[in-house]
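Structure first, then comments.
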Amino acid sequence: IVIDTEMDIHIATPVTLDLKGFTVTKTYGARNHYFMVIQTGGSLTLTDSASGGALIASDSSYGHGIQLEGSAPSFIMEGGRIKTTQESIDISDFASDVKVEIYDGMILSSDDSVLCVRGSNTDIDITGGTLQSGGRTGVYISGSPDTPVQFDMTGGKLTQTSGRSGAIQAYKGAELTIGGS
């Protein structure tokens, strides 16, 4: 499937998307226009019961992936690929009680972060999968000292290939647990 015009995909309820080996490519790009937006109370579980399935945001300047906003949005990655030019997964500054879990699959950004983590009471749990960034930093984390970001990576692989800020940039208000190999 190719999306070449503006199409807003907003998720406000629990949704499971099984790619079944298929690819959805969004060639349309505009400033801050994300492939999908998970809103208050919404959740997206991404899986791929076959192999090779992907969500691709290919616009060279505005290839944004998935954004979480509002209160209590969640994203669970169990398989498939997300490939973007800009932020692959972005958590809005004003989001709260956010949950992101990555168990398997691949997340790639050619020119920006694979995870841009902000908001309050944000919980990131990575136990598997591959994350690869060619941007300034692999994972950017900025929370609030009063409601810190909890970032736990006890499995999976994070690679940052060409940036100035390294694989993880913990700016403020972050508690990190890094384990495994």
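The values are calculated or read from the model by the stated rules, or taken from the named source; none is laboratory data. Since the model is a prediction, treat every value here as computed from it, not as a measurement. For accessibility, only protein heavy atoms count, side chains too; no ligands or nucleic acids. Shrake-Rupley method; radii C 1.70, N 1.55, O 1.52, S 1.80 Å.
Here are a few things to note about the model shown:
- Per residue accessible area of the range 9-109, 1.4 Å probe, in Å²: 40
- Calculated diffusion of the range 40-98, Stokes-Einstein form, Kirkwood radius summed over Cα pairs, 20 °C and 1.002 mPa s, µm²/s: 174
- Considering only SER74, SER51, SER142, the mean-square fluctuation computed in a Gaussian network model of the chain, springs between alpha carbons under 10 angstrom, is largest for SER51.
- For the range 15-24, 3J(HN,Hα) per residue [Karplus equation, 6.51 cos²θ - 1.76 cosθ + 1.60, θ = phi - 60°, Hz, x = Gly/Pro]: 10, 10, 10, 9, 5, 6, x, 8, 10, 10
- Under Karplus coefficients 6.51, -1.76 and 1.60, residue-wise ³J(HN,Hα) of the range 128-133 in Hz, glycine/proline x: x, x, 10, 10, 9, 10
- Accessible area of the range 1-61 belonging to carbon and sulfur atoms, whole % at 1.4 Å probe: 53
- Prolate/oblate/rounded call for the range 65-114, Cα gyration tensor, a/c under 1.5 rounded: oblate
- Comparing GLY138, GLY52, GLY80 in a Gaussian network model of the chain where C-alpha atoms under 10 Å apart are linked, the largest mean-square fluctuation is found at GLY52.
- By accessible area with a 1.4 Å probe, ligands and nucleic acids excluded, highest first: order of ARG118, ARG136: ARG136, ARG118
- Computed over the chain: relative contact order in percent, which uses C-alpha pairs under 8 Å that are six or more apart: 15
- Computed over the range 35-104, relative contact order equals 37 percent, with contacts defined as Cα pairs under 8 Å that lie 6+ residues apart.
- Protein-only accessible surface at a 1.4 angstrom probe places the residues HIS64, HIS10 in the order HIS10, HIS64, largest first.
- Exposure ranking of VAL139, VAL2 by accessible area [1.4 Å probe, largest first]: VAL2, VAL139
- Solvent-accessible area, 1.4 Å probe, carbon plus sulfur percent, for the range 108-181: 42
- Whole-Å distance, taken between Cα centres, linking the range 1-15 and the range 45-113: 13
- Shape call, the range 1-88: gyration tensor on alpha carbons, a/c limit 1.5: oblate
- Cα gyration tensor category, rounded, prolate or oblate, for the chain with a/c compared to 1.5: rounded
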